[in-house]
1. State yes or no: is Asp172 assigned to a helix (DSSP H, G or I) and closer than 24 Å to Arg235 by Cβ?
2. In region 477-510, how many are part of a helix (DSSP H, G or I) and in contact with a strand residue (DSSP E or B) (Cβ under 6 Å, 6 or more places away or on another chain)?
3. Between Val327, Val303, which is within 16 Å of the ligand (Cβ to nearest atom) and either surrounded by fewer than 19 Cβ atoms within 10 Å (Cβ to Cβ) or of a type outside the set (Lys, Arg) (or both)?
4. Answer with yes or no whether Asp581 is surrounded by fewer than 22 Cβ atoms within 10 Å (Cβ to Cβ) and charged (D, E, K, R).
5. Do you know which residues across region 29-41 are over 21 Å from Glu84 (Cβ atoms) and assigned to a strand (DSSP E or B)?
6. Only one of (1) surrounded by fewer than 14 Cβ atoms within 10 Å (Cβ to Cβ); (2) over 23 Å from the mean Cα position of the chain (by Cα); (3) at pLDDT below 95 is not met by Thr611, so which one is it?
7. Could we say that Ser536 is surrounded by fewer than 21 Cβ atoms within 10 Å (Cβ to Cβ) and either of a type in the set (D, E, K, R) or more than 24 Å from Ala463 (Cβ to Cβ) (or both) here?
8. Out of everything in region 424-435 that is out of contact with any Ser or Thr (no Cβ under 7 Å at 6 or more places or on another chain) and surrounded by 15 or more Cβ atoms within 10 Å (Cβ to Cβ), what residue ends up being nearest to Pro265 (Cα to Cα)?
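The values are calculated or read from the model by the stated rules, or taken from the named source; none is laboratory data. All of these numbers come straight from a predicted model, not from anything done at the bench. Here the Cβ is made from the backbone with ideal geometry for all residues, glycine too, and neighbour counts use every protein chain on show.
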Amino acid sequence: MCGIIGVVGDTDTVSTLLSGLERLEYRGYDSAGVALVRPGETWRARCADGTESVAALRRACDEAPAGFRSGIGHTRWATHGAPEAINAHPHLDCSGHVAIIHNGIIENHTELQEGLEARGHVFTSVTDSEVLAHLIEEARGRGLDLLDAVRDALGVVRGAFALAAMDATESDVIVAARRISPLVVGTAAGVTYLASDVPAILDRASAFYAVNDDEVVRLGPEGFRAVDLEGAPVRLRQLAIDWDLETAEKGGHDDFMTKEILEQPDALRATLLDRRRPDGSITFDELRVSDDELRAVKRVVLVAAGTSHHAALVAKYAIERWARLSVEVDIASEYRYRDPVVEVGTLVIGVSQSGETIDTIQAVREAKRRGARVVGIANIVDSSLAREADAVIYTRAGLEVSVASTKSFVAQVAALELLALRLAQLRQTLAESEIDALVRGLGAVGTLVEKALGRRDEVAALALALLDARDFFFLGRHVGFPTALEGALKLKEISYRHAEGYPAGELKHGPLALIEPGVVVVAVATDLALHEKLLSNLAEVKARGATVVAVATDDDETIDSVADYVLRVPATEPMFSPMVDVVALQLFAYAMARGLGRNVDRPRNLAKTVTVE
Ligand code: M6R
C-alpha cells in the first residue's frame with residue numbers, strides 16, 4: 001500500500017515531493033525515496049529508516065542540487081523484498097536515466113526478470129517493481145517515446161499498479177498508469193501533479209482528475225493527456241473536491257470507518273494478488289516455511305484477539321474441511337497462561353492486524369518457547385508479530401485507522417483460507433480441480449463485497465428503525481457463527497448497545513431465557529445447508545417475542561416466514577460467506593452508532609492497538 005507523488009514544472013520540486021510524502025507516510029513507512037530529473041541527469045535519494053524514513057529523506061535531500069523542476073517520490077509498504085534502502089523506490093534502469101515508482105504487485109515479475117537478465121539487464125533490488133524500469137528502458141531503446149514505452153511495458157505485465165515513470169532523456173514529462181491501485185492527477189498554473197491520494201497534493205493543485213484502470217497519462221508542465229492501453233485518447237473524470245485536509249485523509253468520507261468499510265474489495269484483491277505460480281501451486285512469497293515443513297504439520301493452533309480471533313475461527317472451519325487437519329483456536333490472552341500442550345508437528349498461527357497486540361505476541365512467544373513453528377498473519381509490515389514469528393503472511397489491507405476493525409477482517413479471512421488451500425494442496429486432501437475452483441471463487445469475492453456495499457442505504461434504514469433497541473443477540477451456525485460474533489463485536493464497540501454472539505444451536509442451553517419482546521435477534525442465515533435448523537431456532541426466538549433480523553442470500557425465499565426484516569447479500573460458497581455477510585453487519589453497526597451520535601472512529605474506552613495485558 002505504497003504512497004506515490006509526482007510533479008512536473010515546479011520551482012520548488014523537492015519541497016512539494018517531501019511535503020506530499022509526509023502526508024502519504026501512513027500508507028507505508030518501511031522506506032521512502034525521491035528521484036529528480038532534468039535533461040541528461042537523474043538525482044536520487046532513498047532512506048529505509050522505518051517510521052523515520054521521510055524525515056531521513058528530508059535530511060538527505062539537503063544535498064540535492066538546485067534547479068530540478070520535475071520529480072517523483074514514494075513511501076513504501078514492503079511486499080516483495082525486505083524493507084531496505086536497495087528495495088526503496090524510485091528504481092532506475094541500467095542507464096540510470098529511467099526512474100520509476102510503483103504501488104501494487106507485478107505478478108509475473110519472476111519470468112519477466114529472467115528474460116530481462118538473459119538480455120543483459122542488471123537488477124539492483126529484490127523487488128517486483130524494478131522490472132518496470134528495465135522494460136521501459138528496452139522500449140525506449142526501440143525508439144518509443146516515454147508514453148508509448150510505458151504502454152509497451154504494461155502490455156507484458158500482469159498484476160496491479162499505480163506507476164509513474166520519468167526519463168532524463170525526455171525530461172519534464174511524467175508518464176503514469178493505473179490498474180487497481182489508486183492514482184489522481186492534479187493541475188495548477190504551469191505545474192502538473194500526480195498522487196496516489198488527494199491529500200498529498202491538496203494544497204498545491206486546484207483541479208483534480210481520477211485515473212481509471214488501464215489508463216496511461218502523460219504529464220507535462222502545461223497539463224496532461226490520457227490514453228488507454230491501445231493508445232486511444234480518453235478523458236479523465238474531474239473530481240469535485242472541496243475537502244479540507246482532514247476530510248481528504250478520510251477519502252472524502254465522514255470518518256475513517258466508512259472509508260475502510262468501502263476499501264474492503266481492494267483489501268481483498270490486494271491480499272489475494274500474486275499468490276499462485278504458473279503451475280497452479282499457491283504461494284506466499286514472504287512465508288519462509290518450506291513445503292516439507294508444512295506437509296509435516298499435524299495440528300494447527302490459531303491465537304488472536306478480538307476481530308482477528310473471529311477471522312481465526314473462520315479459518316478453523318476452512319482448514320479442517322479442506323486440509324483435514326485438527327485445528328484449535330484460542331483467545332491469545334488465555335493461550336499464554338493455560339500451560340498449552342505443544343506437540344511435534346504443531347503449527348501455531350498468530351493473527352493480528354497491528355502485529356503489536358501484546359496478548360497475541362506473548363502467546364506466540366509462549367508457543368515458540370515450547371517448540372512450535374509459528375506463522376504470523378499481520379497487516380503491518382515488520383511489526384513485532386512479523387519479526388517474532390518464524391514466517392509471516394501479510395494481509396495487504398492498507399492502514400486501518402478506525403478502532404473498529406473492518407477491512408482487516410476480510411483480508412485475514414482471505415489470507416487464512418488461501419493458507420488452508422495451500423495446506424490442502426500439499427496434503428493432497430483436495431483434487432487440483434477443486435482447489436482451482438475455490439481459488440477462483442475466492443478471487444470473485446471482492447465483487448460480491450462490492451454488491452453488498454451497494455446496499456448501504458437499506459441497511460442504514462433498518463438500523464435507524466431499530467435505534468431504540470438495547471439488547472441484541474447475533475446468531476449463526478458453521479462459519480455464520482464467527483460472523484455473528486464479529487457482528488456483535490462491531491455493534492457493541494461502536495454503538496455501546498449490548499450485543500452477544502452465539503452459535504444458534506446453543507441458544508436453548510441458557511441464553512433463550514433472556515429472549516423477550518424488545519430483544520433483537522440478528523441471524524446470519526446464508527448457509528443453506530443448515531438453513532432448516534436455523535429457521536427453527538429463529539422460530540423459537542420469534543415465538544418469545546424477539547424482533548428477528550436475518551442476513552440472507554438474494555435467492556432465499558424461505559427466510560421471510562420467520563424474519564421481521566431481511567438484509568440481502570449475494571450468495572457465495574459457504575466458506576467465503578463471512579467476507580460478504582460481515583459487510584451487512586458492519587454497515588448495520590455503523591448506522592446504529594451514527595444514529596446514536598457515537599464517535600465511530602474512536603469509541604470510548606478502547607484503543608486501536610492494545611499493548612497492555
Ligand atoms: O491488531 P489486532 O488484530 O491484534 O487487534 C486485535 C483486537 O484488539 C481488535 O481486533 C479489536 O477487537 C478491534 N477493535 C475490533 O474491532
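1. Details: assigned to a helix (DSSP H, G or I): no; closer than 24 Å to Arg235 by Cβ: yes.
Criteria not met by Asp172.
2. Of region 477-510, the ones part of a helix (DSSP H, G or I) are 480-495, 504-509.
So of that shortlist, the ones also in contact with a strand residue (DSSP E or B) (Cβ under 6 Å, 6 or more places away or on another chain) come out as 480-481, 483-485, 487-488, 491-492, 504.
The qualifying residues number 10.
3. Numbers: Val327 fails: within 16 Å of the ligand (Cβ to nearest atom).
Exactly one residue qualifies, and that residue is Val303.
4. Details: surrounded by fewer than 22 Cβ atoms within 10 Å (Cβ to Cβ): no; charged (D, E, K, R): yes.
The answer is no for Asp581.
5. Keep residues of region 29-41 that are over 21 Å from Glu84 (Cβ atoms), which gives 36-41.
Across region 29-41, the qualifying residues are Leu36, Val37, Arg38, Glu41.
6. It fails just one condition, (2).
7. Values: surrounded by fewer than 21 Cβ atoms within 10 Å (Cβ to Cβ): yes; either of a type in the set (D, E, K, R) or more than 24 Å from Ala463 (Cβ to Cβ) (or both): yes.
For Ser536, the condition - surrounded by fewer than 21 Cβ atoms within 10 Å (Cβ to Cβ) and either of a type in the set (D, E, K, R) or more than 24 Å from Ala463 (Cβ to Cβ) (or both) - is met.
8. Within region 424-435, the subset out of contact with any Ser or Thr (no Cβ under 7 Å at 6 or more places or on another chain) is 424, 426-435.
Now drop any that are not surrounded by 15 or more Cβ atoms within 10 Å (Cβ to Cβ), which leaves 424, 426-427, 429-430, 435.
Details: Ala424: 25, Leu426: 28, Arg427: 30, Thr429: 29, Leu430: 27, Ile435: 22 Å.
Restricting to residues being out of contact with any Ser or Thr (no Cβ under 7 Å at 6 or more places or on another chain) and surrounded by 15 or more Cβ atoms within 10 Å (Cβ to Cβ), the top hit is Ile435.
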